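The structure appears right after this line, and notes come after that.
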Amino acid sequence: MSVEVFRTVDEIREMLARVRRMGATVGLVPTMGALHEGHGQLIDAARQETDCVVVSIFVNPLQFDRPEDLERYPRNLDADKKFCDDRGADLIFAPAPASMYAPTHRSFVEVAGVSEGLCGQSRPGHFRGVATVVLKLFHITQPDRAYFGEKDAQQLAVVRRMVRDLNLTVEIMSVRTVRESDGLALSSRNRHLTTAERKVAPILFQALVVAQKLIAAGATDPAEVKSVASTILAQQPSVRVEYLEVVDPDEMRAVTRIRGPVRVAAAVWLGSTRLIDNVLCEPGTAEGSGLIQ
Ligand code: PAF
């Protein structure tokens, strides 16, 4: 059966009320569209674990700090619908901005601490926009489980914290970052890279893997790890580093010593395209099997 598209809050609510009356569980995959294999794996996980898979497609204006980024964000509902069909999703919720935010909208969700560093520092208001829309999507669709990618590790940490703090019952599931064969993490923004920038882009992952190996081999000083990774990024003068940090994986705050699992996270610019990536690092796993990307 082909995926059904719902454009209003009332319609999707009515449909999901019927689904739940039949005793089915609901899995939500929140997206902004421009679907790629990374989203595909979120849908696959939801497909395996829940009865009714809802993909939300909504380019959320509240989380964009730069109007030009919002404007050029890729939108193609027909292609996304085909993608969802092929992947076996059941329902798409693709509301118009006006049906998510009335002109009188005044309520926002602020997740302090975990939202403040890294992307939160360079993109003021970004996580407030993410948390607000994700909470709205949770209320609208009332999923049993919701699926997020580890590439956006800070977003995942913000959502987990919101769920805990606000006593939401949805279970947050994370799915590993999907990468091109040269290591570049899949992202809707990769399509903005020029041919020359695309060639250079894998250096971000290469730098993170070197950091991961250093930590696995016993490095405990974040400054040393950052310095080695920065030197690698500096080999490509077209790469501008916005941040490169070693953080606690739950709080997403910079650590002063590496004593347990950490994430090394970075944001870089290539021309007008911003790329983010991160790796989870386990100290003392130099023999390799524990490395997680
Ligand atoms: O990761 C995204 O695509 C967005 O931030 C999300 C979670 C769909 C909220 O708009």
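The values are calculated or read from the model by the stated rules, or taken from the named source; none is laboratory data. A quick note: this is a predicted structure, and the numbers were derived from the prediction, not measured. All Cβ positions, glycine included, derive from the backbone under ideal geometry; neighbour counts span all protein chains shown.
Worth pointing out:
- The single residue among 5, 29, 54 that is part of a strand (DSSP E or B) and surrounded by fewer than 18 Cβ atoms within 10 Å (Cβ to Cβ) turns out to be 5.
- Restricting 153, 112 to residues that are more than 13 Å from the ligand (Cβ to nearest atom) and at pLDDT 95 or above narrows the list to 112.
- Listed by first and then second residue, the pairs with beta-carbon distance under 7 Å, at least 6 apart or on different chains, first residue in segment 170-189 and within 12 Å of the ligand (Cβ to nearest atom), second at pLDDT below 95 and assigned to a loop (DSSP other than H, G, I, E, B), are 188/74.
- Taking segment 59-100 as the range and being of a type outside the set (A, V, I, L, M), modelled with pLDDT of 95 or more and surrounded by 16 or more Cβ atoms within 10 Å (Cβ to Cβ) as the test, the residues that pass are 60, 63, 64, 80, 81, 83, 84, 87, 90, 93, 95.
- Set 142, 121: member being more than 20 Å from residue 250 (Cα to Cα) and modelled with pLDDT of 95 or more: 142
- Test: residue in segment 9-16 that is under 18 Å from residue 132 (Cα atoms) and surrounded by fewer than 19 Cβ atoms within 10 Å (Cβ to Cβ): yes
- Residue-level check: of (1) out of contact with any helix residue (DSSP H, G or I) (no Cβ under 8 Å at 6 or more places or on another chain); (2) polar (S, T, N, Q); (3) assigned to a strand (DSSP E or B), residue 278 misses just (1).
- Count of residues meeting criterion [touching a strand residue (DSSP E or B) at 6+ places or on another chain (Cβ under 7 Å) and more than 10 Å from the ligand (Cβ to nearest atom)] in segment 118-137: 3
- Of all the numbered requirements in (1) within 16 Å of the ligand (Cβ to nearest atom); (2) in a helix (DSSP H, G or I); (3) among the aliphatic types (A, V, I, L, M), residue 16 misses one, and that requirement is (1).
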